[in-house]
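Below is one structure, written out as structure tokens, with a few remarks after it.
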Amino acid sequence: MAVTDRFAKRATLRRSVRLLSEFRFEQSDPARFYGALADDTAALVADLWQGAHGTAPSGRTVLDVGGGPGYFSDAFAAKGFHYIGVEPDPAEMHAGPAVEAKATYLRASGMALPIADGSVDVCLSSNVAEHVAQPWRLGAEMLRVTRPGGLVVLSYTVWLGPFGGHETGLWHYLGGARAARRYTRRHGHPPKNNYGS
């Protein structure tokens, strides 16, 4: 089965509804939301690898740029990948299971990865590009560290889409600063994700 066929097979309404229904738990139960997202992402990347190479990804190295608190490490390990997470924010790294994970974590920026050229099989970045000033530099770094014939997956939330404001979603259409003020009034703390930062 071709890579595009595998991807199309996964792009179903049922999958979208399942992931969107988990989104409501992002703030109240991050392990539930990010665990579901991690399982879906690891399965997608494993399918893409299988479709492109005709073999299972067992033993392949995946570099997760913006790996955050580590919810993806177990999901990728379950698919046979050797997982390496990259996260620039120490507070984010310590907000979940990253510190207990058996995976390798690096504190670094995706804009200047401390990784040798062509040294990973898969380079993944999920929901990071919308937070960097020059996302093309992030993409160039991801391509640089990926081996020839490897796989690069750059996934991000479009800020002008319905969930572009992340937790301030839909209200961000009235302006990012306004949406952040509303969120702070309603929840007693500022949103984790601010438009333009």
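The values are calculated or read from the model by the stated rules, or taken from the named source; none is laboratory data. Nothing here was measured: the structure is a model prediction, and the numbers come from that model. Heads up, the Cβs are rebuilt from the backbone with ideal geometry, glycines too, and the neighbour counts pull from every protein chain shown. Ligands, DNA and RNA are stripped out before the accessible areas are found, and what is left, the full protein with its side chains, is counted by its heavy atoms. Shrake-Rupley method; radii C 1.70, N 1.55, O 1.52, S 1.80 Å.
Assorted remarks:
- Scanning residues 5 or more positions from G67 or on other chains, those with amide H under 5 Å from its amide H are V86, E87, with H placed 1.01 Å from N in the peptide plane.
- Relative counts (whole %) of C-alpha pair distances in the chain, using bins that are 10 Å wide: 9, 33, 38, 17, 3, 0
- L170, L160, reordered so the largest accessible area comes first (probe 1.4 Å): L160, L170
- For Y156, residues with placed amide H under 5 Å, excluding near neighbours: N127
- Between region 162-187 and region 30-82, the Cα center-to-center distance that results, in Å: 30 Å
- Rounded to the nearest Hz, the phi-derived 3J(HN,Hα) couplings of region 146-159 under the Karplus curve 6.51 cos²θ - 1.76 cosθ + 1.60 (θ = phi - 60°) are 8, 4, x, x, x, 10, 10, 10, 10, 10, 8, 8, 6, 4, where x marks glycine and proline.
- Taking N as its residue count, the alpha carbon Rg of region 62-138 over 2.2 N^0.38 Å: 1.03
- The H on the amide N of G110, modeled in the peptide plane, is under 5 Å from the matching H of no residue at least 5 residues off or on a different chain.
- In degrees, nearest ten, helix 176-187 long axis to first principal axis of the chain (Cα): 70 degrees
- Rounded to whole numbers, the Karplus 3J(HN,Hα) couplings from phi for region 108-122 are 6, 8, x, 7, 8, 6, x, 10, 5, 4, x, 10, 10, 7, 10 Hz, using 6.51 cos²θ - 1.76 cosθ + 1.60 with θ = phi - 60°, and x at Gly and Pro.
- Gyration tensor (alpha-carbon) shape descriptor, region 59-98, a/c threshold 1.5: oblate
- log10 of Debye I(q)/I(0), alpha-carbon scatterers only, for region 127-197 at 0.18, 0.21, 0.26 Å⁻¹: -0.70, -0.84, -1.09
- Taking 7 Å steps out from each Cα toward its Cβ at Q50 and A78 produces label points 1.5 nm apart.
- Over the C-alpha trace of region 1-78, radius of gyration and Dmax come out as 13.5, 40 angstrom.
- Calculated [θ] (222 nm, deg cm²/dmol) that DSSP helices of n ≥ 4 give over the chain, each run adding -39,500 (n - 2.57): -12000 deg cm²/dmol
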